[in-house]
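Note sheet for the following structure.
The values are calculated or read from the model by the stated rules, or taken from the named source; none is laboratory data. Given the structure is predicted, the values throughout are model-derived calculations rather than measurements. As a convention, Cβ positions derive from the backbone with ideal geometry for all residues, glycine included, and neighbour counts pool all protein chains shown. Calculation scope for accessible area: heavy atoms of the full protein, side chains included, ligands and nucleic acids excluded. Shrake-Rupley method; radii C 1.70, N 1.55, O 1.52, S 1.80 Å.
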Amino acid sequence: MADKKALRKILKNLKQQHLTHLADYSERVMQQLMKHPRFCSARTVMLYHALPDEVDTRTILQGFHESKKLLLPVVDGDTMYPVCYAGADGLCIGAFDIREPQGKPFTELSTIDLVVVPGVAFDAAGHRLGRGKGYYDRFLAQPELANAYKIGICFPFQMLEAVPTDIHDVCMNEVLCGE
Ligand code: ADP
Ligand code: MG
């Protein structure tokens, strides 16, 4: 617990040193993700809409929302559910200042082929450190998502040798950092 907290602080400082490169890093991750066989074959993909300090996913949101079913998370109290993304015009500002689509929850969770997950840090084994609220751990723990492929995406400096985890932390199948 203390480990995670300390690590989040270290990553926050590290990010300050890379601010001018974040847009460039994001684009590299997007290019890598677009070419990924799991992304190419996926019909339904849950993405996220980035905060300014996260890997920006707008290249894929703009490029694929007509050819794939793209979903974005909507935060409701302690839980999170996906809603179909229908273009940037339909977004509004939700909890934590995150842009969210409006509309009814997408309930066919078992049809989600790929979930693209943001994080504060990852390691190559797929362990993930989030912002400390556990939203993705609770969301991904749902049995309907057991077979969804989970790709964590991050900036290169967020890819660590090892990330501390607890029993409730859901592991990624793969992590991409644009390198
Ligand atoms: P993050 O993944 O955002 O870095 P943590 O892994 O530290 O955050 O988890 C934060 C909190 O979320 C945990 O202390 C735990 O109480 C809660 N949590 C995580 N997963 C679950 C779950 N599957 N069910 C209930 N609570 C959970
Ligand atoms: Mg966690």
Out of segment 147-164, which residues are open to solvent by less than 60 Å² (accessible area, probe 1.4 Å) and within 15 Å of ligand 2 (Cβ to nearest atom)? LYS150, GLY152, CYS154, GLN158, LEU160, VAL163, PRO164
Here is a check on your reading of the model: is GLY132 more than 16 Å from ligand 1 (Cβ to nearest atom) and open to solvent by 20 Å² or more (accessible area, probe 1.4 Å)? no
One residue is enough: does segment 66-86 have a residue meeting the conditions open to solvent by 30 Å² or more (accessible area, probe 1.4 Å) and in a helix (DSSP H, G or I)? no
Show the residue pairs meeting these rules: Cβ distance below 6 Å; 6+ apart or different chains; first residue within segment 124-135 and under 16 Å from LEU11 (Cβ atoms); second residue open to solvent by 40 Å² or more (accessible area, probe 1.4 Å) and near ligand 2 (Cβ under 9 Å from one of its atoms). HIS127/THR165
So how many residues does segment 28-56 have that are in contact (Cβ under 8 Å) with a residue 60 or more places away in the chain and of a type outside the set (A, V, I, L, M)? 11
Pairs under 8 Å by beta carbon, first residue polar (S, T, N, Q) in segment 69-88, partner open to solvent by less than 20 Å² (accessible area, probe 1.4 Å), six or more apart or different chains? THR79/PHE139
Evaluation of GLU100 against (1) more than 16 Å from ligand 1 (Cβ to nearest atom); (2) closer than 25 Å to CYS40 by Cα; (3) surrounded by fewer than 18 Cβ atoms within 10 Å (Cβ to Cβ) (one fails), failing number: (3)
Among the residues of segment 112-122, are any open to solvent by 10 Å² or more (accessible area, probe 1.4 Å), away from ligand 2 (no atom under 16 Å from the Cβ) and not aliphatic (A, V, I, L, M)? yes
Just give me the residues in segment 1-46 being open to solvent by 90 Å² or more (accessible area, probe 1.4 Å) and within 16 Å of ligand 1 (Cβ to nearest atom), in sequence order. MET1, ASP3, LYS5, LYS9, ILE10, LYS12
